[in-house]
1. Quantify how strongly other chains surround peptide B:510-522 by giving the mean number of their Cβ atoms within 10 Å of each of its Cβ atoms.
2. What FRET efficiency do you get for B:E112 and B:I55 if R0 is 35 Å and r is their Cβ-Cβ distance, rounded to the nearest 0.05?
3. Between helix A:16-28 and chain A, what is the angle of the helix's C-alpha long axis to the longest principal axis, kept within 0 to 90° and rounded to the nearest 10?
4. Over the whole of A:206-219, what's the average partner chain Cβ count within 10 Å per residue? Rounded to a whole number, please.
5. Between B:R555 and B:T179, what length comes free when the chain is fully extended (0.36 nm per residue of separation minus the Cα-Cα distance, one decimal in nm)?
6. Scan chain B and hand back the longest stretch that contains none of the trypsin sites (Lys or Arg not before Pro) lying in DSSP loops with at most 13 other Cβ atoms within 10 Å.
7. How much FRET efficiency would the formula 1/(1 + (r/R0)^6) give for B:E305 and B:E201, where r is the Cβ-Cβ distance and R0 is 30 Å, rounded to 0.05?
8. For the range B:165-277, go through all pairs of different Cα atoms, get the mean of 1/r, take its inverse, and jot down that Kirkwood value in Å.
Amino acid sequence: MSAIDLGASSDTRSGRPSVVRGALVRLARQPRVWVGGVILLAAMLLAVFAPHIAPHDPLDQDLLHMLAPPMWAPDGSSAFPLGTDGLGRCVLSRAIYGARVALTVAVIAAWGSMLLGSTLALLGGYFGGIVDRLINYVVDLWMSFPPVVLSLILLVGLGTGVDKVVLAVVLVDWTRFCRVVRADVLVTRRRDFVLAAQLLGFSHWRTMLREVLPAVIPLMITLFSIEMGVAIIVEATLSFIGLSVPPAITTWGQMLADARNDMQSAPCVLLTPVACIIVTVLACNLLGDGVRVALDPRLRQRVA
Amino acid sequence: MLSIDHLTLSTGVDGRQVDLIRDLSASLQRGMVLGLVGESGAGKSMIGRIIAGHIPTGFEITRGRVLFDDKDLLSLDRKAWRALLGRRIAFIPQEPLTALNPVLTIGRTFNEHLAHLGVAPGRRHQLMLEQFEAVHLPRPADLLHRYPHELSGGQCQRVLIAMAFVANPALIVADEPTTALDMVSQVNVLRLLAEQRRQHETAMLLITHDLRLAAHVCDDITVLYAGEQVEYGPAREVLRRSRHPYTWALDQATPDVRGAQRLLSALSGQMPGISALGSMAGCRFAARCPQRVAACEAEPPAATESTPGHWVRCLRPRNISARVPIAADGCETTSADRATWQTPTGDASAKPLIELQDVTLRYTARRGLLGQRKVHNLAVDGLWLKVQPGEFVGIVGESGSGKSSVAKLIVGAETLSSGVLRIEGRDRVLANSEVRRLNREHIQMIFQDPHSALNPRRSVYRLLTQTYEADRRAVALAGHPREERAQELLTDVGLPEDTLTRFPGQLSGGQKQRVNIGRALCVMPRLIVADEIVSGLDVSVQAQILNLLIELGRRHGIALVLISHDLSVVRYVCSRVIVMQRGKVVEQGKTEEVFSDPKHPYTQLLLSSVPPADPSIAWPPAVGAVG
């Protein structure tokens, strides 16, 4: 169920490409989209090409250079631009490698919760009645668990690993999508063009995908980018308490946990992962905010 | 008392100054009513906003004065202006429900208003009760504790009228005060306004789209077209002896509920928008005017006084002695044309297309914490209806009469609670899925709100031929390429070629409704159900759509069930009519017979609430004629 079916662009009259183009033009006019997008893109490039960019292996312990200061300090060295941690590991390299886990979790978990939440929202909002009530009861019940407790229970049960973290985030956060998207589906469902499509012989399935889904996609994109930020924080929290991934994989949360002991003597070791988390989450939120303003027709007038 | 003097309101469009309202002059004496008549986009509501001091940003008054009690409103400072509003000048808004704060009780809202007026707290309660009494609201003391949503639209409007008159204002500005109301409430509200005005000797500026209503209610009328004051004069003169071709066309486009039937002559095209005004040097109506000459487009015509007090802004005003209707293309309608025009009656000998026998529809609402209590609401109660192939049947009634539920039942969007619904002789409930699918193809629906009925993400091409994307397409489409069909439909509904690639957001209301009709036509249905399809349109566009429906019905032999609150529309289009009240049919028969000799008091009530075409007939009718 690809959101924007580009296959239709062969049909010059379909007009769909121009809808997409209009949306892209509006997105390009949003400075928030540019700032957020560029930061996220840079982070992704760093993550993908980490082995080529990072000066050291993130796990290499150089016990001769423990807690080395950053290169701009009086006795810093350019071999370790951001210094080393208590075990002599290069902070910069660890930060770069940490982006891999953070962004993997962010993208896959956001995608997963979007799929799960939006599908249930579409079904509930479209069919209404008993289906909708059932889904709503589940969401109500689900949301009454504190999210941290829920993810802890899940991880204790599932074990550690990136895939387990992704699963935990999806299972905790799908309700957010379900709630918000369902409200939008309900509004669209009541529009006459949905009934018109049914009268023209559209099956429920086709009506849902062709008439209702496109109307809620802007909202889903917005929620997706905000959800990425949430997923990064959840992952950092879980790895901070050591429940996320095996120690052999570097994450920002782990770096935070390791830096706690030497917080006073080497603040750079602590501040680096903090800065990484703040900048990426902020970028996600900026992007989401910009997308919302650009794609929400209700806000369009004020922007223009 | 109120005098508007060469008022010009301008805004900048693409760096050029555009006059949204051009050179408007009018005056209003104490106790009189001035009507501002125009279609949507004519700039009539802007006049009300200027008087209220709410000129939107980006707009500016470049010329003229608005004198109220010999003071120029435009030169007053905000404080002095505010002192006038509510006290000397009161407003009655268009949407009574949105004008009242939904979280405050009526009493709280009224109390705040009285506080603003400086009424002592001790006197307020008594004053409120007196005011409610004066506007004939039942149980005034109880009303103070009610919330706006607990009242009907008519009652809300009465509350607002009571609030407007409490300060004993010299001028009331009423912007479409009855447009959101039912016909019967409209009559009651208008009568109440007249009564209150007489008591308080208040002058009223009535802003409306309804020329005939204005002619009955107002003393003077000024007609606006695209911000230009085209005609101004005594109300009856303006309607009966219209000098400007636009005023004449407006009247000609309005169907009658009584008297001889005639073909409606609809103006082609639509009113220019703000962006188009800048490039218009001459008369703004020239492009649609059947009598235009080259000079019309050169410069704006000056207002000339044809008879004392009757001003017209036209180079070639109509000669009032010759009363020939004008047609859309500028030719005059021939008598042959009018003779051949008649409502489609259908084939009475054929098997009925649809047949409803004692049909009821019950809505069940769940109340209580867990939805354990069920509340039943009978929307349709024992309906019998038969539609022959090619026949046009009208269903009239006020909101809540169940007429829209009938539409939903026929198209299958609602399931009947009891009774029998036969489509082409087969019972819908008992039919197998294949028959049901065929039935669904044979019955299409045109929706009330063209904006909501068209998916904004589809182009006109994909909307018109949307049915080609349906799962299992019927025989009707076999061997008919999609592009070809789209072209045919475009011609059928009279849209220009270049609309195919456009999106609903780029179309006018009338064009959207044409797309809506075209989409329903695509499968070549045998019956079309049209729910209030012209109520949101301007009169001239409404006439275009009605003529289109009749033509399509005749050309393709399609039957039509037209649901409308407007009796004159139903009379123009339908050969048979059904009058509904609270889910029940109270009267039915041939349209002409029912309308010329209504038997049921409710039908009589509905008919009496339509403003007659002849301005000399007293309307609104006296109390007693309408309950």
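Laboratory data are not the source of any read-out in this text; all were calculated from the coordinates shown. As the structure is a prediction and not an experimental result, all values here were calculated from the model. Every residue, glycine as well, gets a Cβ built from its backbone with ideal geometry; the counts of neighbours run over all protein chains shown.
1. Shielding by partners across B:510-522 averages 1.
2. E(calc), rounded to 0.05, equals 0.90.
3. Approximately 40 degrees, to the nearest ten.
4. Going residue by residue through A:206-219 and averaging, the value is 2.
5. 131.9 nm
6. Longest gap between qualifying sites, sites excluded: B:31-322.
7. After rounding, the FRET efficiency stands at 0.55.
8. The answer is 15.9 Å.
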